[in-house]
Amino acid sequence: MSVGRDTAGACHSGDDARFAELYARWYRPIWEYCSRRVAADSVDDAVADTFLAVWRRLDEVPVGDEALMWAYRVAYRVIGHQWRSSARRRRLHGRLRAVDSGPMVADVEAPPDGDQFRLVLAALARLGDTDAEVLRLVAWEQLSIADVAAVVGIKHDTARQRLHRARQNLAREYGRLQSHQSSSPAAPTGGAR
Amino acid sequence: MITEDEVMRLLERADPVRNSGAVPGTAAAGYVDAVRTRSMIVTLIDTEPRNTEPSRRWPIIIATAATVVAIVVGALVLAARDNAAETEIPAAPPTVAASTTTPTTAAAAAPAEVLSPLTDIKVQMTDRSEAVVFVVSSPTPSYWRMTALDDFDGRRWSLSDTELDDASGPLPQGFEPSVDGETVTQTFEITDLVGALLPAAFSPVRVEGSDDIRFAAENSTLVAVSGTTDGLSYTVESVLPRYDVARLRAADAPVTGDFAERYLALPADFPTELADLAREITAGATTRYDQAIALQNWFRGFAYDLSFQAGQSQTDMQEFVNERRGFCEQFSSTYAAFARVLGLPSRVAVGFTPGELHADGRYYVQGKHAHSWPEIYFDGVGWVPFEPTPGRGNPATEQYTGAAAAQAVGGG
């Protein structure tokens, strides 16, 4: 395995300063990006992996406004890789715990909108990976179509079509989940305690 | 029907970061991230091909260390800003954030839950006394252990959240490899056992027979993740430890750290009378092993009484020691709690006694053979089962417990 920095031959103190500056500037947006996409216990790893990739590709960091989009793209790929490599592990593993009786429901107090939030997130999870990512970037990172296209690595027009279709699909899936929920009042979450 | 604009507004408000109380960039977190980034870089460099000249590698490590200093400073600055800014963000319940994970992680977040097997014992022994729950082919009889409960909240013993691993390769054994052991291969056929825990002689080191089986190394537990099914057959290779008294006496060092915290934990309101009693019973014992034996033999002077009101709470324990009668649920759980008072790391193992050997050479295990017993951890040795229940004895442990092999006979 080769380390990009290594091939540069020498270590410029300028690189260190540059990386430190990017780290300070990007830590927050990258942490938030990762927190929105991976389980809480994997966020730190995703952030660390992203900055490792940034460090190794420091020469490629664009200047100006594109730079953060480039960093998001790095994080997008890092997380994609984490998902793929962890999917198999997650299937193999799992957790075990014993409870005294009945199916236990972790019923933490929900906010007034809690159910709606859960429904819309469940609806999001039913979309294709790229469609869901386009919606997350628009709704949570508040990116423009052009920026979404840069992060996901698709053409501007394609991104626009994606967004259009993804919004429709999200509304449709949300409606389905909602009607399914209201038609079965004894949902599994109401089980014994 | 919800409109596209409405659903997008809802999605915006469901932003897990906005709804989470977690904040990035606290001083400690920033530092840890920086160190982790550094160590990952170092790891990558260290795994480079051997023929890479050291002179080409070292400068990078040094440069990286310099970077870490810069990162930490940056993170601290960031942290100071964040702490000021974050105070206004309302804390939201973790459930929302938890449900935002991808489908794969959401599925992984739901543990395979099983009923507390300790609570289930009385039902097995009374209502299902004669039902054959499984049949074992084994060259030697043993207790067939399912799991061990580590968490006591004052009301009941339960299993803390435990990682399940792939069980397709060799399984780590529950005692030190330097302890002598006898390898025993058993074939189990489940006939009427509800739940997900699979019996095996302690300690299983290999299992075959189903892709559905996983292993929790922490407590040497085999689990059928989709639940046990009648007719399920699997073969387990176990190593049965041959603990000897001299070695156990010599393993007298106290256990420390997270491990001790977990296996010595007692509720803050654990009754003083019970704690005093535990110390009184073992006052004459000079080693940890002798304390364990003194406790065991004290309990073995009680009467076995399956009609004792079922229970494992602190209140049940008090009644149990006052009346000096009960069944395995009280013997094992009270023993384990007393052991913790003395600083002996403990847990409550659950499983079955050997069952009845039939003409076909197999052990037929029935509901009445359901059993529980304590395990004590000895530094440098591992988990060691004891037998405080009178009228019960594991044929595989008699050499150091002194409790002769015995189990339930006749009805119940």
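Given R0 = 25 Å, the distance between the Cβ atoms of A:ARG160 and A:ARG77 translates into a calculated FRET efficiency of 0.65. Alpha-carbon geometry of the stretch A:42-82: the Rg and the Dmax are 10.0, 30 Å, given in that order.
Inter-label distance, B:THR183 to B:SER168: 2.2 nm, where each label sits 7 Å from its Cα along the C-beta direction. What the Cβ-Cβ distance of A:ARG25 and B:ARG155 gives, at R0 = 45 Å and to the nearest 0.05, is a FRET efficiency of 0.30. Once the partner protein chains are put back, the stretch A:30-52 shows a loss of at least 30 square angstrom of accessible area, versus the chain by itself, at A:TRP31, A:ARG36, A:ALA39, A:ASP44, A:ALA48, A:LEU52 (probe 1.4 Å, ligands and nucleic acids excluded).
Shown is the FRET efficiency for A:ILE145 and A:SER179, computed with R0 = 41 Å from the Cβ-Cβ distance and rounded to the nearest 0.05: 0.85.
How much of the accessible area of the stretch B:114-246, probe 1.4 Å, is carbon plus sulfur, in whole percent?
47 percent
Give the shape of the stretch B:153-243 as rounded, prolate or oblate, defined through the alpha-carbon gyration tensor: a ≥ b ≥ c are the square roots of its eigenvalues, a/c under 1.5 means rounded, and otherwise the shape is prolate if a/b is larger than b/c and oblate if not. Cα axes put the stretch B:153-243 in the oblate bin.
Looking only at Cα atoms, what is the convex hull volume of the stretch B:197-350 per residue, in Å³? Present the calculation step by step, with values, prior to reporting the outcome.
Working: hull volume 23.8 nm³, N = 154.
It is 155 Å³ per residue.
Reducing the stretch B:315-394 and the stretch B:163-204 to their Cα centroids gives an inter-centroid distance of 18 Å.
Computed from protein heavy atoms with a 1.4 Å probe, the total accessible area buried between A and B is close to 6900 Å².
The values are calculated or read from the model by the stated rules, or taken from the named source; none is laboratory data. This one's a predicted model, so the numbers in the text were calculated from it and none came from an experiment. Glycine also receives a Cβ, built like all others from the backbone with ideal geometry; neighbour counts cover every protein chain displayed. When the accessible area is computed, the model is the full protein with side chains, heavy atoms only, and any ligands, DNA or RNA have been set aside. Shrake-Rupley method; radii C 1.70, N 1.55, O 1.52, S 1.80 Å.
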